[in-house]
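Chemist: First the structure, then my questions, so here it is.
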Amino acid sequence: QLQLVESGGGLVQAGGSLRLSCAASGRTPSRYAMGWFRQAPGKEREFVAAITGSGGYTYYADSVKGRFTISRDNAKNTVSLQMNSLKPEDTAVYSCAARYGSDIYSRSDRYGFWGQGTQVTVSS
């Protein structure tokens with residue numbers, strides 16, 4: 001099993017920044033592609049960003065491209081999401097997810113391991 005624990009959420013004003021972290025433990029995390037998803041109240045879960053196991057390739061939702069950056073440190077078994085220029089519409093519970101293998105997807109059903117989520121609230 002792979003365990004994922006997110007941290008770094010909180011309350012921030014519009015235009016501000018937050019950095020989320022996802023700590024992975026259990027099996028060899030570097031063999032897993034990782035993704036960040038978010039879910040706002042009353043809305044479906046949506047894809048935010050993903051990164052391959054090596055960290056060599058990343059993919060972003062159009063809504064966050066240019067503002068968010070996903071990265072990973074395999075030596076520390078962590079994946080981070082740097083969020084800049086935050087907007088009120090970025091308010092959601094953010095969850096990290098993992099799937100075994102090198103391919104990354106924007107579909108949440110492709111990921112078999114999930115963290116518990118961390119709340120991000122952006123005030124206007």
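Chemist: Would you please list the contacts, defined by Cβ atoms under 9 Å and residues six or more apart or on different chains, that run from a residue in segment 32-44 that is within 14 Å of Ser108 (Cα to Cα) to a residue that is of a type in the set (Lys, Arg) and in a strand (DSSP E or B)?
Modeler: Ala33/Arg99; Met34/Arg72; Met34/Arg99; Gly35/Arg99
Chemist: Next question. Tell me which residues, restricted to segment 59-68, are surrounded by fewer than 16 Cβ atoms within 10 Å (Cβ to Cβ) and under 21 Å from Ser7 (Cβ atoms).
Modeler: Arg67 - this is the single residue of segment 59-68 that is surrounded by fewer than 16 Cβ atoms within 10 Å (Cβ to Cβ) and under 21 Å from Ser7 (Cβ atoms).
Values quoted throughout were computed directly from the atomic coordinates according to the rules given, and no laboratory measurement underlies them. Nothing here was measured: the structure is a model prediction, and the numbers come from that model. Backbone-built Cβ (ideal geometry, glycine too); neighbour counts: all protein chains shown.
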